[in-house]
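Notes for the one structure printed next.
Each value in this text was obtained by applying a stated rule to the coordinates, not by laboratory testing. Being a predicted model, the structure only gives us computed values, none of them experimental. Virtual Cβ from ideal backbone geometry, glycine too; neighbours counted across all protein chains shown.
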Amino acid sequence: MTKKQYFLFSLLILLALTGFTQKNVTLSGYVKDAKTGESLLGATVALPELESGTYTNGYGFYSLTVRETDSLVVIFSYLGYADKYLKVAMRSDVSLDIKMEIADVSTDAVVITENKARQNVEKPTMGVIEMSIEQVEMLPYIGGEKDLLKALQLLPGVQGGSEASANFYVRGGQGDQNLILLDEALVYNPFHLGGYMSTFNTDGIRNVTLYKGSFPAQYGGRLSSILDISMKEGNNQKWAAEGGIGSVTSRILVEGPIIKEKMSLMVSARRTYLDLLIRPFLPKGTDVGYFFHDLNGKWNWNISKKDRVYLSGYYGRDKLYTNLFTPTDTTKFGVYWGNKTMTARWNHLYNDKLFSNTTFVYNDYLYNNDFTLQGFSIRLMSGIKDINGKIDFDYFPNLRHKIKFGANYTYHTFTPSSVKFKTSAIDSLDFTNIQQKFVHESAVYINDEYIFNEKLNMNLGFRAPFFVYKKTQYFGLEPRFTLNYILDKNTSIKGSYTMMKQFVTQISSSSISLPFDLWVPATDTVKPQTAHQGAIGLFKNFFEDKYEASFEAYYKYMTNQVDYKEGTNFFFNSNYQGALVFGNGWSYGGEFYLRKRSGRFTGWLSYTLAWSRRQFDDLNDGKPFAFKYDRRHNLSLVAIYNFNKRWSFSSVFVYQTGSALTLPEGRLFVPVYGWTNNYSWYNDYTEKNGYRLKAYNRLDIGLRYKAGKKLRSEIHIDIYNVYNRRNPFFVYMTQERDSRSNGTKFVAKQISLLPVIPSVSYNFSF
């Protein structure tokens, strides 16, 4: 062997050994808002040279493991923020925290920037939509009251209930089949005003994610959707305040550092003043009113690089009361209901690849109805309390794997009905009858997001729930997966399957969310509800990611659905299970979504074509019938235009097929048994939900003006129902004189609720 050959051979051996001994290194850290210090959830961390990347988790943490190299270009991007480009030496593990600046919206260049990694196309998720609070606040609303749940109704696959209601129904499911979490605490009744406003004060909210399908394995217990809401952490850089005065409520938020960059606090509050406004017009000695209030708070402490502690809570109450004075006595009547939640969390970073979050949650929903008259008092109550503990782990072994696993346990205390009775007339009788049910619910899960190659990636999860009530036990395995095949850099095809179980049910005989709707657990009679959902979709971005579009087709089959026998009164009925009927349901359809995310003009078009049916052996003669909110067509068009830094305009147009309802086919005049010459009308019903209300449509517009630098002010002018459409609220049957026969005829009458409503609201911040 010549010296030259020996040198080349030695060089090859050296290069091979170098390749075998080349080690893996990890880049990890947190992505935060530079102005407030708050963590940014779902921010993109991209490695363009490797055509790979990742996303920050629910606490802003990211981790990337790669082969060691001299340097790599890393791009950090987040919706509404200016991208950050860095060149990072990767010879050893690197811990890198990033602070991102909000993008300048004063030019045509960018209003909302798109994540460069194109999450819409590349991420193995379906039926998942994130909505920024900035978007929620830009839209026009009735009375100028910004409402998160009403904004969600403008998304594909999501629809509202009755007019102006904050109730929402997802892919043909019931309202109680939506899991609503506020800082990981379950909110059982997320409504004020009997469902016409949500309990969420947008001032205190940081991030909102809605899952309509393709549910990650860490979520369970509901069939139709997961709404995950995170509160603001609090500005850890400087003290600040913001608030607003509207036609219905006023609100205030204060946040700031207790220890700069280490410990911060956020407190927000909101209250209506309807009771105060009507008080001067009431007769002397009479006190009648209604109000609600909310209080949100959050405290967090960055103990060290590896440990962080959060403590957050929510308290909200509605109160409807009257105090009617008569010459002989005073009659008092009051209805009180609301939620309390408390969440304590500990984030711990074991190493640059393993992150954990330990959570303890207490939540309490309570309804009280008090009545007092002449020494007689009665209190009717219903509610539910939960104590919940869970632990979640995020493990990032390499660029191809992102694994999440954990376990949780919940102890439920249901109070479906109880009564307290007291009177001084019968030897000071004091009677209390409280009916409670104690339930254990737990689950373990694992979720693996895996990249096979540059074309194919997958999200595979398993959840195993376990439910115990007395001697009744339920156990099952809930598989779920999503496959994503990337056709090109702007287009992908996705498919998913999800199985979900639900062990608690809300019993309601009304189409609106009333505070006395009962929550009850699964029993031997009330079986757990189950849903199987499959979906397939096409996802595409256009014009350098300024536009995103998607079409998803889905089919969902639900078992053990719960309904009630007509004429049933559930409240304080100890034998409510005997009044329930059980059956199956199914829904299917297609959802189209087109969104423009950058430029002065932004907005989206949402269209859903859907069918939703139910079948119960004991209802409608066992024949299938339409679900109440089986709306064939559901269209929303949202447009937002920023003229400059000060002026912006927004509009919302909504069209929906009318909801289904049951009306009698006719009436018979029949004698009342046991009475002479006494007759009564008898309604003849032939089909459940066989009729439909007229189609619903409405146009809202809003104008926003911003001024000031240190003391920033905003004036919102909103017009609800611009062309004064008399949309149907409900229909009732009545008799009218028939001029032709000189007799009477049986006719349906429509009641409309809300005409055109202009409003002005004022917001401030400093």
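Checking the table 150/319; 284/340; 146/298; 123/694; 319/694; 332/694 against a 30 Å threshold on Cα-Cα, which pairs fail?
Cα-Cα > 30 Å for 284/340; 123/694; 319/694; 332/694; rest within.
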Label-point separation (nm) for residue 262 and residue 711, each offset 7 Å from Cα along Cα-to-Cβ?
-> 3.4 nm
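For 183, 392, 307, which order do you get if you count the other beta carbons within 10 Å of each Cβ and list the fewest first?
Ascending number of Cβ neighbours within 10 Å: 307, 392, 183.
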Of all DSSP beta bridges with both partners in the chain, the antiparallel percent, nearest 5, is 95 percent
Residue 274-residue 50 FRET efficiency (beta carbon distance; Förster radius 51 Å; 0.05 resolution) = 0.30
Pop the C-beta distance of residue 336 and residue 745 into the FRET formula with R0 = 60 Å and round what comes out to the nearest 0.05.
-> 0.85
Add +1 for every Lys or Arg and -1 for every Asp or Glu among the other residues with Cβ under 11 Å from the Cβ of residue 763, and state the total.
-> +1
Using 7 Å Cα-to-Cβ label points, what is the residue 240/residue 474 separation (nm, one decimal)?
-> 4.5 nm
Calculate the spin-label point distance for residue 557 paired with residue 322, positioning each point 7 Å from the Cα along the beta-carbon direction, and give it in nanometres.
-> 5.1 nm
Relative to the longest principal axis of the C-alpha atoms of the chain, give the angle of the C-alpha long axis of helix 3-21, reported between 0 and 90° and rounded to the nearest 10°.
-> 20 degrees
Label assignment, Cα Rg over 2.2 N^0.38 Å derived from the structure, set [x] 1.14; [y] 0.94; [z] 1.05 = [z]
Taking the mean number of other Cβ atoms within 10 Å as a proxy for protection, how do you rank 69-75, 476-482, 26-32 from highest to lowest?
-> 26-32, 476-482, 69-75
Additional length obtainable on full extension of the chain from residue 694 to residue 411, 0.36 nm per residue less Cα span = 97.4 nm
Calculated FRET efficiency for the pair residue 444/residue 611, C-beta based, R₀ 41 Å, to 0.05 = 0.70
Positive-pole candidate from 626, 200, 533, dipole of the chain, charges at beta carbon = 200
Stretched out fully, how many nm does the piece from residue 735 to residue 307 gain, at 0.36 nm a residue minus the Cα gap?
-> 147.0 nm
Taking max minus min of the Cα coordinates of segment 35-174 on each principal axis, largest first, gives extents in Å of 61, 36, 26
Footprinting exposure proxy for 458, 558 (fewest neighbouring C-beta atoms within 10 Å first) = 458, 558
Listed highest first by mean packing, meaning other Cβ atoms within 10 Å per residue, what order do 194-206, 336-348, 486-498 come in?
-> 194-206, 336-348, 486-498
Does a label point 7 Å from the Cα of residue 400, set along Cα-to-beta-carbon, have any residues of segment 434-459 with amide nitrogen under 17 Å, and which are they?
-> 448-459
